[in-house]
1. What number of residues in segment 90-126 are touching a helix residue (DSSP H, G or I) at 6+ places or on another chain (Cβ under 6 Å) and aliphatic (A, V, I, L, M)?
2. Which residues, taken from segment 189-203, are at pLDDT below 80 and either within 18 Å of Lys92 (Cα to Cα) or outside any helix (DSSP H, G or I) (or both)?
3. Arg88 - would you say it is surrounded by 15 or more Cβ atoms within 10 Å (Cβ to Cβ), among the charged types (D, E, K, R) and at pLDDT below 90?
4. Here are Gly128, Gly180, Gly135: which of them is closer than 30 Å to Phe67 by Cβ, at pLDDT 85 or above and touching a Leu at 6+ places or on another chain (Cβ under 7 Å)?
5. Could you say which residue among Asn75, Asn107 is of a type in the set (S, T, N, Q), in contact with a strand residue (DSSP E or B) (Cβ under 6 Å, 6 or more places away or on another chain) and either buried (at least 19 other Cβ atoms within 10 Å of the Cβ) or at pLDDT 95 or above (or both)?
6. Of the residues Leu25, Leu16, only one is farther than 29 Å from Phe138 by Cα and of a type outside the set (Gly, Ala, Ser); which?
7. Of all residues in segment 52-72, count the ones that are crowded, with 19+ Cβ neighbours inside 10 Å and within 25 Å of Pro10 (Cβ to Cβ).
8. Looking at this structure, is Val45 surrounded by 13 or more Cβ atoms within 10 Å (Cβ to Cβ), farther than 19 Å from Ile130 by Cβ, of a type in the set (Val, Ile, Thr) and touching a helix residue (DSSP H, G or I) at 6+ places or on another chain (Cβ under 7 Å)?
Amino acid sequence: MRKLFSKETPFITVFLIALNILVYLYLEFLGSTEQTSFMIVYGAVYAPLVWEEGEYYRLLTSIFMHFGITHLANNMLMLFVIGERLERVLGKVRYLLLYLFSGVGANVISLLSSMANYDINVSAGASGAIFGIIGALFVIIAKNHGRLEDLSLRQMAFMIILSLYFGFSSSGVDNAAHVGGLLLGMLLTLLIYRRPKVSFRRHNLQNQ
């Protein structure tokens, strides 16, 4: 039990992935996650209901909802690949707070963007929070002289550019949430992260 909750075990990442999958299965049992009206009923972000009806809980519930299995699988794969790294570096509590802050904040930015462009969209998904993780890792790698374990600053910059490119070149993607999550993840990490005197890369090499 002690090992399960140790610093090295990505418990929060596993929990977040499991929660997203359970929410998806529950919604699919009730209806269809690919149906926009159904997703609105069960908590997706929809500007009129948030601003006019005061249903602010949607800013949180929507980050655990996905439009279909492909949407879910893509986001969970990305979370699995990069989430455990950030969880190990930041610690479980700060990692979870960054994930939630980035996801909710990305939804707020998306809503403000849609209002400015006179667009009313229905949005859901963990991508805003995941972009927050990407932004956080970019800042941490930069603070660790351009490298953290096997990740380099160039690799992270390429991941950011490629992810944003696919978003802007595809239809039906909430790019405002992606950019918002990325910037919020960077900002929060600048506030809460302090580089250890001994880098994680050196520490891991010594323990091998």
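The values are calculated or read from the model by the stated rules, or taken from the named source; none is laboratory data. Not measured: the values here are computed from a predicted model. All Cβ positions, even for glycine, are placed from backbone atoms using ideal geometry, and neighbour counts span all protein chains on display.
1. So the count comes out to 10.
2. Residues of segment 189-203 that are at pLDDT below 80, as a first pass: 195-203.
Across segment 189-203, the qualifying residues are Arg195, Pro196, Lys197, Val198, Ser199, Phe200.
3. On the way: surrounded by 15 or more Cβ atoms within 10 Å (Cβ to Cβ): yes; among the charged types (D, E, K, R): yes; at pLDDT below 90: no.
No; evaluated as a whole, the condition is false for this residue.
4. Working: Gly128 fails: touching a Leu at 6+ places or on another chain (Cβ under 7 Å); Gly180 fails: touching a Leu at 6+ places or on another chain (Cβ under 7 Å).
Going through Gly128, Gly180, Gly135 in turn, just one is closer than 30 Å to Phe67 by Cβ, at pLDDT 85 or above and touching a Leu at 6+ places or on another chain (Cβ under 7 Å): Gly135.
5. Numbers: Asn75 fails: in contact with a strand residue (DSSP E or B) (Cβ under 6 Å, 6 or more places away or on another chain).
So the residue among Asn75, Asn107 that is of a type in the set (S, T, N, Q), in contact with a strand residue (DSSP E or B) (Cβ under 6 Å, 6 or more places away or on another chain) and either buried (at least 19 other Cβ atoms within 10 Å of the Cβ) or at pLDDT 95 or above (or both) is Asn107.
6. Working: Leu16 fails: farther than 29 Å from Phe138 by Cα.
Only one candidate passes the filter, namely Leu25.
7. Of all residues in segment 52-72, those crowded, with 19+ Cβ neighbours inside 10 Å come to 58-59, 62-67, 71-72.
Keeping just the survivors that are within 25 Å of Pro10 (Cβ to Cβ) gives 62-66, 71-72.
Final tally of qualifying residues: 7.
8. Details: surrounded by 13 or more Cβ atoms within 10 Å (Cβ to Cβ): yes; farther than 19 Å from Ile130 by Cβ: no; of a type in the set (Val, Ile, Thr): yes; touching a helix residue (DSSP H, G or I) at 6+ places or on another chain (Cβ under 7 Å): yes.
Taking the combined requirement at face value, the residue does not satisfy it.
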